[in-house]
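These notes concern the structure reproduced below.
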Amino acid sequence: MLSNKQLVIGCSIAFLSNLALLALFVKYNIGEKFYITINHQDITVILPESYLSIGIDASEIQDFNKVDFSNERLLNLAAALSPARLRLGGTMSDRLIFSPNDLPSVSCDHCPQTAVKSFCTSLKKLCRHKFLPFFIMTGPKWIEINNFCLRSNLKLMFPLNVLLRDEHEWSQQNAIEIIKFSKLNNYEIDWQLGNEPNSFRHVFNKTITPHALAQDYKKLRKLLNQSGYKHSLLVGPDTTRPQDHQPNCLKYMVDFLGNASHYINIRSWHQYYLNSRTAKLEDFWTPDTLELLDNQIQTMRNNTQPYHNIPMWLTETSSSYGGGAPGLSNSFAGTPLWLDKLGLAAKNNITTVVRQSLLGGNYSLIDRNLRPLPDWWVSVLYKKLVGNKVLNLTSNSSKFQRLYVHCANRNYTNDTTAITLYGINLQMEKIRFLVNGTAFTKDDLVIDEYIVSAPSNNRRSKTILLNGWPLYYESSMPEFKPKEHMHTKHISMPPYSVGFWVIKNTTIKNCT
């Protein structure tokens, strides 16, 4: 039997424990209140419907059994992100040779008699310079990929192999075969030439100068114009992100544009935040990491200002390079980086962002069993809720909350005054906001709220919650039900969450 002293001690411990729990509840659920101000404004950035696009690394195609492009589930998962572009790129695109027909065994020592002449010539070039392993894109596989794009409402973007060269210039013979084959089948394709050419010395022990690459692009533009692809976009040069300790990237881009601006339609580069081999969970959730992209965008914009009339794209991007960080890039841990990138790029008039990748690697949107991962769900919500007209806001929130606003997607609501606010909360603390400004003078606001979080705030989770309910994809898309708030100007973000709010009955007039 407990003594009175023991009872007092026990009760005291229980009381103090409850006080501690109450303090935690207050800290994480009452939250600090900030404001978000949105005023009447002109629209300065209008994005294409394919702004959020996707990539598949060419290495996934190297083994023809890896990706079944006829799989209905894969088709449906890709179509949920349409309209979009599908870029089939990566390092292996510069080891690719096209053959219109299937071929028996091929090696550096043996080119089958059934192969077209340009194939055998190209094979010799790659083998002579030891650009190995090479791989073959066959006509039947090319048909399968293009049919996949047609059925899922994606437009293919394809980098041709720039390492097929005669002395100091690009050899176009094999490109002619794939372009001719594509035109014969009436495929609509946008084109590139090479992948991350500023890194060729490191990857292939080969250097192609910016001036030489510009001449290669001039040659390709002429070929496309003569082959029925006059209206196809030519996108380049796909350099890596600018870094202070590696100035060659930025210099390569500037020198290339100085020689090729008349031949390209898009200036493009690749962006990653972290090294997959060393990245830790907290690296994904620190404002310092998020700021890397903003600095890189400003650097690239400022140094290519003379070419501002050429749209800028991120043609390959994810959280961490080197295939993605296992358990981080493919979990909810990577989601704030992805949503913030979509907001920041749009705000800075980067008009297409190609996510690496739809399938394959540890940064994919869907896993090998074709189960959607957190960033796929958030991408689908983005497509559903966020419109193509970019607006501006101001907020006094901390650096751990980042917010963006667009006109709402007109397919979501017929309300021409509706706007979509979206953002991230990196803190283990509930944050409350008051929305104000000349956009909110009415008292009858209606807010559709979509909060995305992880079960038990487990940021490594590959299952996510929408308004508290887990999301699963069985045989079709589940219904996304918002939490509706009437006659209020208050919104809140739970700890460790991302959110979308469609705000209706505003006084914004430019979203029509």
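The values are calculated or read from the model by the stated rules, or taken from the named source; none is laboratory data. Quick caveat, the model's predicted, so the values are computed rather than measured. Positions of Cβ are backbone-derived with ideal geometry, glycine not excepted, and every protein chain shown enters the neighbour counts. Accessible surface areas use protein heavy atoms only, side chains included; no ligands, DNA or RNA. Shrake-Rupley method; radii C 1.70, N 1.55, O 1.52, S 1.80 Å.
A few points about this structure:
- Taking other residues whose beta carbon is less than 11 angstrom from the beta carbon of Met312, and scoring Lys, Arg as +1 and Asp, Glu as -1, yields +2.
- Value of relative contact order over the stretch 297-442, rounded to a whole percent, pairs C-alpha under 8 Å and six or more apart: 19
- Pairwise label distance in nanometres, Asp415 with Asn436, each label 7 Å out on the Cα-Cβ vector: 2.2
- Full-stretch length increase - Ile310, Ser70 - with 0.36 nm per residue and alpha-carbon distance subtracted: 82.8 nm
- Sparse-neighbourhood loop sites, GluC sites (Glu not before Pro) in the stretch 123-195 - DSSP loop, at most 12 other Cβ within 10 angstrom: Glu167
- Taking all protein chains into account, the per residue accessible area for the chain stands at 43 Å² (1.4 Å probe).
- FRET efficiency for Lys124 and His245, using Cβ-Cβ distance with R0 set to 51 Å, rounded to 0.05: 0.85
- 18 Å reach of a label modelled at Val254, 7 Å along Cα-to-Cβ, counting backbone N of the stretch 178-218: 198-199, 209-212, 214
- Shape of the stretch 377-512, Cα gyration tensor, a/c cut at 1.5: oblate
- In percent, rounded to a whole number, the relative contact order of the stretch 207-265 is 50, using alpha-carbon pairs under 8 Å and six or more apart.
- Per-residue SASA entry for Leu292, accessible area with 1.4 Å probe, Å² rounded to 10: 60
- Label point distance in nm, Ser261-His490, each placed 7 Å from Cα along Cα→Cβ: 5.3
- Tail fraction, Cα-Cα pairs, the stretch 45-191, threshold 23 Å, whole percent: 37
- Rolling a 1.4 angstrom probe over the stretch 185-253 with all protein chains present gives an accessible area of which 48% lies on carbon and sulfur atoms.
- Note on the chain: helix-only mean residue ellipticity at 222 nm, from DSSP H runs of 4+ residues weighted -39500 (n - 2.57) and normalised by residue number, equals -9500 deg cm²/dmol.
- Nearby aspartates and glutamates by direct alpha-carbon distance to Lys125 (threshold 19 angstrom, same-chain neighbours under 8 apart not counted): Asp94, Asp109, Asp166, Glu167, Glu169, Glu177, Asp216
- Residues listed by number, the stretch 141-171, amide nitrogen under 14 Å from Lys222 label point at 7 Å toward C-beta: 169-171
- Normalised by the number of residues in the stretch 50-388, the mean separation of alpha-carbon contacts (under 8 Å, six or more apart) gives a relative contact order of 18 percent.
- At an R0 of 56 angstrom, the distance between the Cβ atoms of Thr138 and Arg301 translates into a FRET efficiency of 0.85.
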